[in-house]
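Colleague: Could you have a look at this structure, given as structure tokens, before my questions?
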Amino acid sequence: MTPVRARIADSKWHVANWVRGRKNYPSIGDGRPLGCAFIQLNPLKIMKKWLGIFVLTLSVLALAAPVSTRAAGAGKKYTIALIPGLTTDAFYITMHKGAQAAADALGVDLIFQGAPDFNPVQQVPVLNAIIGRKPDAILIAPTDKTQLIEPLKKAAAAGIAVITVDTFIGDGHYQTGKGDADFPLSYVASDNVLGGQIAARALAKAIGDKGKVYVSNVKPGISTTDQREQGFKDEMKKHSNITVLDTQFNDDDANKAASQLQSVYARNPDLAGVFGANLFSALGAATGVKQANATGKIKVAAFDAPKSIVDQIKSGEVEMTIAQHPAEIGYYGVLTAYAHLTGQSVPPLIGTGFTVIDKSNADNPDTKKFIYSD
């Protein structure tokens, strides 16, 4: 079993339990749907809770039935399109595999199409082309929380169900009846504010809770990285001996991030750490630290877990990283779309978890399954 299949197997029970006649979702005690319980949730514990609530006769073995049988039970062959932030990133490759696993289990057709760069100028034509193909639902990781609102309205106006994955439009709060960006049905993602807070706590510990740090980020306007920076800075306010310097925006260019690290270090020889809010920010910061001969002195906290980052953790160039669960995001995204298309109510917010990877657990099999696919 591949790593992606292994982690998807933990949640395949979801298919039968969610989409077969359940109109209302169990809560976690504060009114939010169970899916909104961000991080700290063990999939197996969630599984037991869902199974206890639903008490359905379908089981995981039902998923071994022929795909045609399951599709026939739904009454229609649905088509769902997944538009990633970009097609070449390991995060979105892993998300695609999770989405495909759900599509295979449910007997739906999955279209995967995107742009080579994380850029709204490139993503909008892809979206328009997908709208022209008239899928039943679109899952999309918007590359800008403002610029994708109007293009996605066209999809909704065409009768296509819209669900955002990983990133969001507007403020990410949907189905509220407020604002011009609440029309998507659901947002499936990690809690990025919390992820930033976790990174801040880990970095503060690594630098002895004192010194200067900064955030290496992409650019303003990207929902996920904006929230990670917010969470990081909010947490660092609790650490009075740590000074947070100005954020450095690198336009998702690792070379620029490396150069910025060296410039910040030249101005601040007591620089103790940097938080890379996405893959290229972290890779560039780590490269800059190495070029400045400051490996070990300047600690790098990263976000996302492709093999390249994990290798740098093992070599000591990166202190730790926050691994999202993109396979789960893709899987639950398809599941949400299918539930809606078959007449079920869906929660407007569905959270997936994190795994913190550092040198102590990088080779642990339970951790390695969360390293992103190439």
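The values are calculated or read from the model by the stated rules, or taken from the named source; none is laboratory data. This is a predicted model, so every value here is computed, not measured. All Cβ positions, glycine included, derive from the backbone under ideal geometry; neighbour counts span all protein chains shown.
Colleague: Look at segment 106-127 and say how many of its residues are assigned to a helix (DSSP H, G or I) and in contact with a helix residue (DSSP H, G or I) (Cβ under 7 Å, 6 or more places away or on another chain). Reasoning before the result, please.
Modeller: At the first step, the residues of segment 106-127 found to be assigned to a helix (DSSP H, G or I) are 106, 120-127.
From the residues that got through so far, the ones that are in contact with a helix residue (DSSP H, G or I) (Cβ under 7 Å, 6 or more places away or on another chain) too are 106, 124, 127.
Qualifying residue count, segment 106-127: 3.
Colleague: Looking at (1) farther than 30 Å from K359 by Cβ; (2) buried (at least 20 other Cβ atoms within 10 Å of the Cβ), which is the only condition F183 fails?
Modeller: The one condition F183 does not meet is (2).
Colleague: Can you tell me how many residues within segment 267-301 are part of a helix (DSSP H, G or I), touching a Phe, Trp or Tyr at 6+ places or on another chain (Cβ under 9 Å) and of a type in the set (A, V, I, L, M, F, W, C)? Full working, then the answer.
Modeller: The initial filter retains those residues of segment 267-301 that are part of a helix (DSSP H, G or I), namely 267, 279-291.
Checking the rest, the ones that are also touching a Phe, Trp or Tyr at 6+ places or on another chain (Cβ under 9 Å) come to 279, 281-282, 285, 288-289.
So of that shortlist, the ones also of a type in the set (A, V, I, L, M, F, W, C) come out as 279, 282, 285, 289.
Selection size over segment 267-301: 4.
Colleague: Moving on. Give me the residue from segment 290-337 that is hydroxyl-bearing (S, T, Y) and within 20 Å of the chain's Cα centre (by Cα) and, out of that set, modelled with the lowest pLDDT. Steps first, please.
Modeller: We begin by selecting, within segment 290-337, every residue hydroxyl-bearing (S, T, Y); these are 295, 308, 315, 321, 331-332, 336.
From what's left, within 20 Å of the chain's Cα centre (by Cα): 308, 321, 331-332, 336.
On the way: S308: 92, T321: 96, Y331: 96, Y332: 95, T336: 96.
Applying the filter and picking the extreme gives S308.
Colleague: Would you please name the residue that is farthest from H340 (Cα to Cα), looking only at residues in segment 172-182 that are in contact (Cβ under 8 Å) with a residue 24 or more places away in the chain and in contact with a Gly (Cβ under 9 Å, 6 or more places away or on another chain)?
Modeller: So, considering only residues that are in contact (Cβ under 8 Å) with a residue 24 or more places away in the chain and in contact with a Gly (Cβ under 9 Å, 6 or more places away or on another chain), the one farthest from H340 (Cα to Cα) is D180.
Colleague: Consider only pairs whose beta carbons are under 7 Å apart and that are at least six residues apart or on different chains; among these, list those whose first residue lies in segment 239-255 and is assigned by TED's automatic domain parsing to the domain that holds D270 and farther than 21 Å from L283 by Cβ and whose second residue is assigned to a strand (DSSP E or B) and among the hydrophobic types (A, V, I, L, M, F, W, C).
Modeller: Correct list of pairs: I242/V213; V244/V213.
Colleague: Sticking with this structure for a sec: How many of the residues making up segment 98-136 are in contact (Cβ under 8 Å) with a residue 60 or more places away in the chain, out of contact with any Phe, Trp or Tyr (no Cβ under 7 Å at 6 or more places or on another chain), crowded, with 20+ Cβ neighbours inside 10 Å and not aromatic (F, W, Y)?
Modeller: Within segment 98-136, residues that are in contact (Cβ under 8 Å) with a residue 60 or more places away in the chain, out of contact with any Phe, Trp or Tyr (no Cβ under 7 Å at 6 or more places or on another chain), crowded, with 20+ Cβ neighbours inside 10 Å and not aromatic (F, W, Y) number 3.
Colleague: Could you look through segment 208-244, keep only residues that are outside any loop (DSSP other than H, G, I, E, B) and of a type in the set (A, V, I, L, M, F, W, C), and pick out the one that is nearest to T164 (Cα to Cα)? Can you show your working first?
Modeller: Filtering segment 208-244 down to residues outside any loop (DSSP other than H, G, I, E, B) leaves 211-217, 223-236, 242-244.
Retained after the next criterion (residues that are of a type in the set (A, V, I, L, M, F, W, C)): 213, 215, 232, 236, 242, 244.
Values: V213: 32, V215: 26, F232: 24, M236: 29, I242: 36, V244: 32 Å.
So, considering only residues that are outside any loop (DSSP other than H, G, I, E, B) and of a type in the set (A, V, I, L, M, F, W, C), the one nearest to T164 (Cα to Cα) is F232.
Colleague: Could you tell me which residue of segment 138-169 is surrounded by the most Cβ atoms within 10 Å (Cβ to Cβ), considering only residues that are more than 17 Å from the chain's Cα centre (by Cα) and not hydrophobic (A, V, I, L, M, F, W, C)?
Modeller: Selected residue: P151.
Colleague: Tell me whether segment 318-332 contains one or more residues that are hydrophobic (A, V, I, L, M, F, W, C), part of a helix (DSSP H, G or I), in contact with a Gly (Cβ under 8 Å, 6 or more places away or on another chain) and closer than 30 Å to G107 by Cα.
Modeller: Taking segment 318-332 as the starting set, the residues that turn out to be hydrophobic (A, V, I, L, M, F, W, C) are 318, 320, 322-323, 327, 329.
Checking the rest, the ones that are also part of a helix (DSSP H, G or I) come to 327, 329.
Still in the running and in contact with a Gly (Cβ under 8 Å, 6 or more places away or on another chain): 327, 329.
Add one more test, that the residue is closer than 30 Å to G107 by Cα, and what stays is 327, 329.
Yes, segment 318-332 contains a residue that is hydrophobic (A, V, I, L, M, F, W, C), part of a helix (DSSP H, G or I), in contact with a Gly (Cβ under 8 Å, 6 or more places away or on another chain) and closer than 30 Å to G107 by Cα.
Colleague: Scan segment 229-252 for residues that are hydroxyl-bearing (S, T, Y) and either out of contact with any helix residue (DSSP H, G or I) (no Cβ under 8 Å at 6 or more places or on another chain) or modelled with pLDDT under 95 (or both) and jot them down.
Modeller: If the condition is that a residue be hydroxyl-bearing (S, T, Y) and either out of contact with any helix residue (DSSP H, G or I) (no Cβ under 8 Å at 6 or more places or on another chain) or modelled with pLDDT under 95 (or both), then S240, T243 are the ones that fit.
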